[in-house]
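See below for the structure under consideration.
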Amino acid sequence: MKLEKGTRNNKIKSFIHNLKTKKDTKKTRITLQVIWNLSLLFIILIILGISFAGGLGAGYFASLVKDEPVRTYESMKKDVYNYEETSELYFANEVYLGKLYTDLEREEIALKDVSPYLVNAVIATEDKYFYEHKGIVPKSIIRALYQEVTNANVQSGGSTLTQQLIKNQILTNEVSFERKAKEILLALRLEKFFKKEEILEAYLNVSTFGRNSSGRNIAGVQAAAQGIFGLNASEVNLPQAAFIAGLPQSPFGYTPYTNKGEIKQNLEPGLLRMKTVLNRMYTDGKISKKEYDEARAYDVTKDFITVHENPVEQYPWVTFEIEKRAAEVMSVVLAKQDGFTEEDLDNDDIMKEKYLTLADRDIRQGGYKIHSTINKEIYDRMQEVAVNFAYYGTDRQKSVTDPETGETKTEIEPVEAGAILIENKTGKIISFVGGRDYNREQLNHATSAKRSNGSTMKPLLVYGPAMELGSIAPGSVLPDVPLRLNPGSSRPWPQNYGGGYSGLLTAREALTKSANIPAVKAYVDILNQRPAEYLKKMGFTSLTEDDYTNRSTALGGLTNGVTVEENTNAYGTFANGGQFIDAYMIDSITDKEGNIVYQHEIKPVAVFSPQTAYLTYDMLRDVISSGTAVSVNGRLKFSSDWAGKTGTSQDYKDSWFVATNPNVSFGVWNGYDTPKPLDNRYKGLSYGVRNIYLWADLMNAVYDLAPGLVDPPETVQRPPGIVTRSFCGISGLLPSDACAQAGLVKTDLFNAKFVPGSGDDSLMSGKYVTIGDTKYMALDSTPDEFADTGLILDPDYMKKIFGVHIDMSILTAKNSKLASALVPAAKLSENGKVPSSVSVSQSGNTLLWSSNGEHDIVGYRIYKGGSKVGSVKAGASLSYPIGDGSYYVTAVDVAGQESAPSNTLVMGQPEQTPAETEQPVQTTPNEPDQPAGNTNNQTGDSNSQNGNNGSPADIPDSQMNNQEINSSQKQPS
């Protein structure tokens, strides 16, 4: 029973257990079913949510990029490769000068020319999946979005190289979802159009890399390699490449240089970044473990180049001059591209300013190669000479007012200098001296400073144009006497340097001596033909209307002045046979692809005939051989066919010497920036000689480097149409027999078109008298015994030649040949009175008498016993040898009137003649043979010797009557 009961109980338990198990299984099955259903529902909800969110995101993304145009391949290519590139400057002959100054220095480089180390370093650091993605990396974008939403500090960036290129070249650095959406869209499109290598090359050229050793901002791996290590991007080693590749993340944080180009005190941030780059390269398998270890141990700081001068600092005058001129020529290029001409720019200041602005921006960003004409060796040597020249003069003081504070202070102002060397046949500016110290004064005294050019103006404005117009020739005679050539002036103007006059000068002599009066006289004679137009043809750019009419322009008195370049360039016209060739400094400009954007073209301008050019050149030769520039011959170490002119402005504020030869023209100027007189003498040299010495020292330096340039074997040749003719030196006309007799015939060169056509008739033969040292024309009534016959200048003819009265005394005083051969055509005025008598005395056997003292006395007659025995001209020794007899003297004036007899002097026993016993009354002054006599003895001693006590009782009545008549005749009428 127990067994059965137990068995039954077990069955019951088993049944109950089975029942429970079935219930649990079912319950579990139901639970799992519920869970699965719920999970499926959740998954469906998630998928629906994601789909909804994706739709919303897609819609939102579409809304962000709806305004972005669909860009073509060509438009994207233009944008991507349109990065600024620094233009390069060159001296002549492809000698590299440096980069043009810009805010951002960049130099384009091809991918094949970049070191593989640098390429791999950039990819490992900036975009490790560059060769795998299609422009974007989704997880990186999600990570970036998470960072943006949560403001979390996520170190890895979300932009690929492609996106960075889009941001830099097409979009902006704006932080917004719209900009990011456009970046993604354009990155995908860029990857569709461009190869990976094209994208990478563009990126390597546009990324910023901090500063270089000059403290300037740099972009592109080539500029970085050169500016930090002094190497090309193809030459950098592994650690150098890693350092450069680390810079874009924080260019100015990691750069080793300050904005002054000095190496930073703390270089650790950049070095740590370099090691990070090396680590990424190693982990990506770009370098081996050995390369990694060696690169980490490498001291890259020793490779940092130190501060070095950029071209602006080393060649400031050259750099800025090239920059200015390049902008000028490019402004014309850009204007022509828009359909305008150079004349349009010249006539429209607003348009000109617009294109100059565009051109300046273009040359700074366009990556051009700008080739100049400046010879580096010659330029360097000329600067050295200019700095070390010892004869400039005394430093002066000037007052300077601070524009902000109004405070006035005193500064030292030295004598400045400007010089320029120009090749005549081409116009190339070979070299120049902009000044003595750019750091003190930035004004370029060779190309920009405008000053009065003094007498260097004379051949350009006076002698050249006057010969071209046929007004003068080298042998034309000009007056160098006091003249009033300035209308309304009450005093003679102009004055010659140092004062004084030369009388008559030929044009050649006047230019050689640099006489001012003849030059202004020649200028006045052609002033109505506007000779300043010749200056305009020869490149003078600052002329005003007053310069066309002011007479002082002939002496360099311009309203605005002229630059050394313009003045020197104009002199080349004479060496070029009358053709002006404008000076230039920009030879050519090429773009990044090597295409010629600009090429200078020589455009000669006809100014003078070859005959005028040669005659002027030949006259200027004399300035150097025997004129105001003769001192250059003892300073210059070589001899060439030089023709030149010195010049001094008013009050000696400017000193010039400009000369030209068959090859080159070279001009030098000295003066203070604040115009003030130069030292008349300094270290024993005049200001003019000092400037000539500077000219010679600079030219000697050029000769040492390029003798063939400045000392050509050939000379300027005489062209057809030049003839040699003789002329009279007082009129410039064909010589007459009288002129030849006077020894005044001269010979010179002439333009065959303008040879003298008439003979000289300014000389005539006639009577003259001499009073003291001065000769006067005789009157018709002047006694022949007191007159001489000689050559006389016709006063009316001289006035006809020169248009002004000529003081004949100046002519004879300044010309010994003229003085000895000619009588000035001046008449001695007769005072209208009968001359007063004189007093005689004795010295041994010599009769002496005193001078009459009246201005019109031409001589004296000596009488013995009432008969004329001799005559003496005025101005000669007032004496006459005598023997026994009674003597008296009369004075004779220019009109022939004779004075009463002097007292009578008796020597020995006088002979008795009828005249002594019966003396008729004088009837006419021209028949003085029987004058009334004065019988008073001179001294008591003589009277005793003669047996006559001289008492009045001893004088016959007839003689007393005659004496009374003569006495009344001596009184003034």
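Numbers for the structure displayed
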quantity: Some residue of the stretch 213-235 being among the aliphatic types (A, V, I, L, M), assigned to a loop (DSSP other than H, G, I, E, B), on the phi < 0 side of the Ramachandran plot and assigned by TED's automatic domain parsing to the domain that holds Asp299; calculated: yes
quantity: Single match in Asn700, Asn691 (criterion: touching a Phe, Trp or Tyr at 6+ places or on another chain (Cβ under 9 Å), crowded, with 18+ Cβ neighbours inside 10 Å, in the same structural domain as Asp618 (by TED's automatic domain parsing) and not in a loop (DSSP other than H, G, I, E, B)); calculated: Asn691
quantity: Test: residue in the stretch 442-463 that is in a strand (DSSP E or B), assigned by TED's automatic domain parsing to the domain that holds Ala554 and farther than 25 Å from Lys653 by Cβ; calculated: no
quantity: Single residue of Thr306, Thr301 found to be in a loop (DSSP other than H, G, I, E, B) and of a type in the set (Ser, Thr, Tyr); calculated: Thr306
quantity: So Leu511, is it surrounded by fewer than 22 Cβ atoms within 10 Å (Cβ to Cβ) and aliphatic (A, V, I, L, M); calculated: no
quantity: Members of the stretch 703-717 found to be of a type in the set (A, V, I, L, M) and outside any loop (DSSP other than H, G, I, E, B), listed by number; calculated: Leu705, Leu709, Val710
quantity: Sole residue being in contact with a helix residue (DSSP H, G or I) (Cβ under 9 Å, 6 or more places away or on another chain), farther than 30 Å from Val668 by Cα and either surrounded by 14 or more Cβ atoms within 10 Å (Cβ to Cβ) or not assigned by TED's automatic domain parsing to the domain that holds Leu698 (or both), chosen from Val300, Val312, Val329; calculated: Val300
quantity: Residue list for the stretch 405-423, filter: crowded, with 24+ Cβ neighbours inside 10 Å and not in a strand (DSSP E or B); calculated: Val415
quantity: Unique match (being of a type in the set (A, V, I, L, M), exposed (fewer than 14 other Cβ atoms within 10 Å of the Cβ), part of a helix (DSSP H, G or I) and outside the structural domain of Arg211 (by TED's automatic domain parsing)) among Ile350, Ile322; calculated: Ile350
quantity: Inter-residue pairs, beta-carbon under 6 Å, first in contact (Cβ under 8 Å) with a residue 60 or more places away in the chain and in the stretch 382-411, second part of a loop (DSSP other than H, G, I, E, B), 6+ apart; calculated: Tyr391/Lys683; Tyr392/Val415; Gly393/Val415; Gly393/Leu678; Gly393/Asp679; Thr394/Asp679; Lys398/Thr674
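The values are calculated or read from the model by the stated rules, or taken from the named source; none is laboratory data. Since we're looking at a predicted model, the values are computed, not measured. Positions of Cβ are backbone-derived with ideal geometry, glycine not excepted, and every protein chain shown enters the neighbour counts.
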